[in-house]
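In what follows, a structure is listed as structure tokens, so that the remarks can point back to it.
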Amino acid sequence: MRQGERRAIIGPNGAGKTTLFNAIAGEVPVSSGRVRFAGRDVTRLRTHRRAALGIGRTYQITNLFPALSVEQNVQLAVQSLTRRKFSMLGGGAPKGEEVARVDEALATSGLAARRRDPTRTLSYGEQRQLEFALALASKPALLLLDEPAAGLSAAERVVMASTISALPRSLTLVLIEHDIELALGLVDHVTCMHNGTVLVEGRPDEIRANARVQEVYLGRPHDA
Amino acid sequence: MRPPLSMREPLEEVGDALADDALTRTPPRVMSSRARLIVAIACVALLVAVPFVVPGYKTSLVIETLIFATLAMSIDLLAGYAGRVSLGHGAIFGIATYVVLYHVTTGGGSPWVAMLLGVAAATVAAVVFALLAIRTSGVYFLLLTLALGMIVWGMCLRWTSVTGGENGLRGTVAPAWLAAQPVFYFFILIATSLMTWLMWRFAHSPFGLTLQGIRESESRMRTLGYNVPLHLFIGFTVSGFFAGLAGTLYAFFNSFVSPSTVALAQSVEGLLMVIVGGVGTLFGGLVGAAVIIALENLVSFYTERWPMVLGFMFIVTMIFAPEGLLGFARTLLARRGAEHRS
């Protein structure tokens, strides 16, 4: 992928989309092949080292810090980039540049009014927004979004889609999404996976017209 | 967020339950700053008055409470903030006590040098424990720290030439100027207050927040760029450092150490103090230590079957106040505050 490219990974359940994300982020070891990022082989790097290089992600199942406040969630993402995370006697509240970055992330996610609330009290839609805010607050160069619109209402999906569209073009984006129309409207390229392998790649209009993709999603005519 | 139950090891679930949900919630702010100040001043006044109002045996009980409260709070740094329940802290505490007594009674050294050596030895032990245990969680962490503690206990029992075996080590280690009880009391009060303040600062620092993040979701912390094992290693070592400090004070106080000081029962008692007071509250360790030590002494005055009575009390606490006494008080105050506002 080129820097700034936006790509969707589509495919039926069990195609290996999330496993691919886990392999890129370093959460599962790869049995073959290499993972290269920014011209560097990161196959043997641990997850936190890859994150420090600029690989950020969200999860299909919301993965937050439920007992901590919304602000503390964002603060953990912001301070992950600084030496202050090792400060053992300093005040726990954000300081200096962190304050602006936490405020910015909360404003972007629309959760500024709920910054003091425990995360577990947020609605599902708000938790998805916070998940997204956390991934962005760690300033990634490559952002892996695993079904960001899953479980959201129609109105919330529109908000999520516009938030993704508004991301800076310098950010490289890979998106897994089952809502094909939503996914194809957000990206420049699409990879369709099936049974752990790449079935077909192309531009969104090419993928829409591809017979093999339709076959994988809709089944063979005689299967129906 | 943790993976679904079906994807996890059943034993891991059991261990996590010890440091989970109700026990580790962020406490609601239930008192105004003014009310907190009044409570703090009242506590300080009470503690200052102790050696003058109840000298002798009861003052020594308060000294014991302050020392064990420090041990309990060091356990809470791991259990309440990092979500790792240790059964090895009794051994770390006891190692410091052994080193102080050995250096002063057998080696004829200075008590202050002994104190430094005791804390250093406890910290080294915590480093070894941490290196072996930090990659585990839940009940596996619990069992590994228990096993490491048992090894220390076995060494103290069998290494007779150094530890005195079952007879232990005995001798006055505190300097002569601390001989008068009120002086010794204020020495312990100042030392434990300083340690409590340092632990509070640590728990509420950016590093303390990372430990809470690890407790809540290790996978999320990793993908945010945190080296989870490194943070747990540092957290365990700091916790062991404070347990060691408590152990050196115990040597000054008790002037005796035996294998029972490093035994599993010591770790369990420290953990029970945390649970009774409230996991993840830090000051709960102080409340738990006060309640358990007071009850041990009070109940044993009336019956030889006091362990049974204490066991019954733990069961009642677990059923009716699983968040601990401090957590229970906070919930009660929050409820009354809400009723008052409505």
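Just so you know, all these numbers are worked out from the coordinates, no wet-lab data involved. Quick caveat: nothing in here was measured; it's all calculated off a predicted structure. Don't worry about glycine lacking a Cβ; one is built from the backbone with ideal geometry, like all the others, and counts go over all protein chains shown.
Sorted largest first, the spans of the alpha carbon positions of the stretch A:6-223 along the three principal axes are 66, 41, 29 Å. For the stretch A:62-89, the residues whose backbone nitrogen is under 20 Å from a point 7 Å from the Cα of A:Arg116, taken along Cα to Cβ, are A:66-76. Each of B:Trp159, B:Trp153, B:Trp306, B:Trp177 was scored by other Cβ atoms within 10 Å of its Cβ. Listed from fewest to most, they are B:Trp177, B:Trp159, B:Trp306, B:Trp153. Each part reduced to its alpha carbon centroid, the stretch A:94-126 and the stretch B:167-233 end up 31 Å apart. Remark: the stretch A:6-223 carries a charge dipole of roughly 960 debye about the Cα centre, counting +1 on each Lys and Arg Cβ and -1 on each Asp and Glu Cβ. Computed over chain A, the per-residue total of -39500 (n - 2.57) for DSSP H runs of n ≥ 4 gives a 222 nm mean residue ellipticity of -10500 deg cm²/dmol, rounded to 500.
Taking every alpha-carbon pair under 8 Å whose residues sit at least 6 apart, the stretch B:50-288 reaches a relative contact order of 43 percent.
In whole Å, what is the distance between the alpha-carbon centres of the stretch A:151-224 and the stretch B:123-150? Result: 47 Å between the Cα centres. Once the Cβ-Cβ distance between B:Phe301 and A:Arg40 is put in as r, and R0 is 60 Å, what FRET efficiency do you end up with, to the nearest 0.05? The value I calculate is 0.30. Between the C-alpha center of the stretch B:299-326 and that of the stretch B:37-53 there is a gap of 26 Å. Distances between every pair of Cα atoms in the protein assembly as shown, grouped in 20 Å steps from 0 to the bin holding the largest one, split as 19, 45, 26, 9, 1 percent. Divided by 2.2 N^0.38 Å, where N counts the residues, the Cα radius of gyration of chain B comes to 1.00.
Derived scalar couplings between HN and Hα for the stretch B:209-216 equal 5, 5, 5, 5, x, 5, 4, 7 Hz in order, rounded to whole Hz, by the Karplus curve 6.51 cos²θ - 1.76 cosθ + 1.60 (θ = phi - 60°), x for Gly and Pro.
Distance between the 7 Å Cα→Cβ label points at A:Ser153 and A:Gln214: 3.5 nm. Ordered by the count of other Cβ atoms within 10 Å of each Cβ, fewest first, A:Ile61, B:Ile67, B:Ile315 give B:Ile315, A:Ile61, B:Ile67. Have a look at B:Gly90, B:Gly244, B:Gly165 and tell me which one the Gaussian network model of chain B (Cα, springs below 10 Å) gives the largest fluctuation. Taking springs between Cα atoms under 10 Å, the residue moving most is B:Gly165.
Neighbour counts of other C-beta atoms within 10 Å: give me B:Ser260, A:Ser32 arranged from fewest to most.
Listing B:Ser260, A:Ser32 from fewest to most nearby Cβ atoms yields A:Ser32, B:Ser260.
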